[in-house]
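Chemist: This is the structure I have questions about; it appears just below.
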Amino acid sequence: MPSRFSLILVAILTIIVASCDFDKQEKAMQRSIEIAAINDSLAGQGKIWGDELLIAVNTLDFSNMKNAREELVGYVNKKIAKLKAMKPIAGSEELQKAELEFLEFELKMIDSHFVVFESFDENTSKEDMENAYLGILQYNEIEQEKLKHIYDLREDYAELNGFPKPIE
């Protein structure tokens, strides 16, 4: 028959192991939320740029477009640096890599399509404005596919670590 000491020791070890798993689970869930927060904030930053574009198109004053773009680029660069500094948690490598690739894709899109509007003025034709905007819309489909991939990875990561799957 096991001694009272043995039973207490087993109980303590069980508590320690269970709390370690919970801590890992909690940290993993926080990492998933952190990745989602980057994209939510990025969408907000993109909306700010889009609002500036709407004003610029309606007033034909594109002078604020550079500042809006630079703020967006600054945000993305800050998040890229943060992601590169993150240590993986409980199998988050693939999720973090996909997020990093997404942010690098966003930078390319900004550099190749957003910057175009900065050279516009009151003499820019409506057709040129529409073509520039269509260039952004073409990237949007790829952007949505990349975001879906990240969402799927977050679901897999949640399942791997035993926390609730994200709701989006």
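The values are calculated or read from the model by the stated rules, or taken from the named source; none is laboratory data. Please read all numbers here as calculations on a predicted model, not as lab measurements. Every residue, glycine among them, receives a Cβ derived from its backbone with ideal geometry; neighbour counts consider all protein chains shown. Keep in mind that these areas ignore ligands, DNA and RNA; they rest on the heavy atoms of the full protein, side chains included. Shrake-Rupley method; radii C 1.70, N 1.55, O 1.52, S 1.80 Å.
Chemist: Which one of these is of a type in the set (Val, Ile, Thr), farther than 20 Å from ILE136 by Cα and in a helix (DSSP H, G or I): ILE110, ILE80, ILE89?
Modeler: Details: ILE110 fails: farther than 20 Å from ILE136 by Cα; ILE89 fails: in a helix (DSSP H, G or I).
Among ILE110, ILE80, ILE89, only ILE80 is of a type in the set (Val, Ile, Thr), farther than 20 Å from ILE136 by Cα and in a helix (DSSP H, G or I).
Chemist: Since THR124 meets every condition but one in (1) out of contact with any helix residue (DSSP H, G or I) (no Cβ under 8 Å at 6 or more places or on another chain); (2) free of Cβ contacts under 8 Å to residues at least 60 places away in the same chain; (3) in a loop (DSSP other than H, G, I, E, B), which condition does it not meet?
Modeler: Status for THR124: all satisfied but (2).
Chemist: In the range 80-94, how many residues are surrounded by 13 or more Cβ atoms within 10 Å (Cβ to Cβ), among the hydrophobic types (A, V, I, L, M, F, W, C) and farther than 13 Å from ASN39 by Cα?
Modeler: Within the range 80-94, residues that are surrounded by 13 or more Cβ atoms within 10 Å (Cβ to Cβ), among the hydrophobic types (A, V, I, L, M, F, W, C) and farther than 13 Å from ASN39 by Cα number 3.
Chemist: Could I ask something else about it? Which condition number in (1) basic (Lys, Arg); (2) under 22 Å from ARG31 (Cα atoms); (3) part of a helix (DSSP H, G or I) is the one that ARG69 fails?
Modeler: Only one criterion is unmet by ARG69, namely (2).
Chemist: Being touching a Leu at 6+ places or on another chain (Cβ under 6 Å) and buried (at least 17 other Cβ atoms within 10 Å of the Cβ), is that true of even one residue in the range 139-153?
Modeler: Keep residues of the range 139-153 that are touching a Leu at 6+ places or on another chain (Cβ under 6 Å), which gives 153.
Restricting the remaining residues to those that are buried (at least 17 other Cβ atoms within 10 Å of the Cβ) gives 153.
Yes: one or more hits.
Chemist: Could you tell me which of the residues ASN77, ASN161 is in contact with a helix residue (DSSP H, G or I) (Cβ under 7 Å, 6 or more places away or on another chain), of a type in the set (S, T, N, Q) and either open to solvent by less than 90 Å² (accessible area, probe 1.4 Å) or farther than 21 Å from SER41 by Cβ (or both)?
Modeler: Numbers: ASN77 fails: in contact with a helix residue (DSSP H, G or I) (Cβ under 7 Å, 6 or more places away or on another chain).
Answer to the selection: ASN161.
Chemist: Let me ask something else about it. Mind checking whether some residue in the range 44-55 is among the acidic types (Asp, Glu), in contact with a helix residue (DSSP H, G or I) (Cβ under 9 Å, 6 or more places away or on another chain), modelled with pLDDT of 95 or more and crowded, with 19+ Cβ neighbours inside 10 Å? Explain how you work it out, then say what you get.
Modeler: Keep residues of the range 44-55 that are among the acidic types (Asp, Glu), which gives 51-52.
Next cut, in contact with a helix residue (DSSP H, G or I) (Cβ under 9 Å, 6 or more places away or on another chain) only: 51-52.
Filter once more, so that each one left must be modelled with pLDDT of 95 or more: 51-52.
So of that shortlist, the ones also crowded, with 19+ Cβ neighbours inside 10 Å come out as 52.
Yes, some residue in the range 44-55 is among the acidic types (Asp, Glu), in contact with a helix residue (DSSP H, G or I) (Cβ under 9 Å, 6 or more places away or on another chain), modelled with pLDDT of 95 or more and crowded, with 19+ Cβ neighbours inside 10 Å.
Chemist: Mind listing just one residue for me: the one in the range 34-43 that is surrounded by 14 or more Cβ atoms within 10 Å (Cβ to Cβ) and of a type outside the set (Asp, Glu) and, of those, nearest to SER125 (Cα to Cα)? Outline the logic, then answer.
Modeler: Our first condition is that a residue be surrounded by 14 or more Cβ atoms within 10 Å (Cβ to Cβ); within the range 34-43, this holds for 34-36, 38-39, 42.
Pick out the ones that are also of a type outside the set (Asp, Glu) and you get 35-36, 38-39, 42.
Values: ILE35: 40, ALA36: 38, ILE38: 36, ASN39: 33, LEU42: 30 Å.
By that ranking, first place goes to LEU42.
Chemist: Just for the range 56-66: of the residues that are part of a helix (DSSP H, G or I) and in contact (Cβ under 8 Å) with a residue 12 or more places away in the chain, which one is surrounded by the fewest Cβ atoms within 10 Å (Cβ to Cβ)? Steps first, answer last, please.
Modeler: Taking the range 56-66 and keeping what is part of a helix (DSSP H, G or I), we get 56-59, 65-66.
Then keep just the ones that are in contact (Cβ under 8 Å) with a residue 12 or more places away in the chain; that gives 56-57, 65-66.
Numbers: ALA56: 20, VAL57: 17, MET65: 21, LYS66: 15.
Filtering the range 56-66 for residues that are part of a helix (DSSP H, G or I) and in contact (Cβ under 8 Å) with a residue 12 or more places away in the chain, the one surrounded by the fewest Cβ atoms within 10 Å (Cβ to Cβ) comes out as LYS66.
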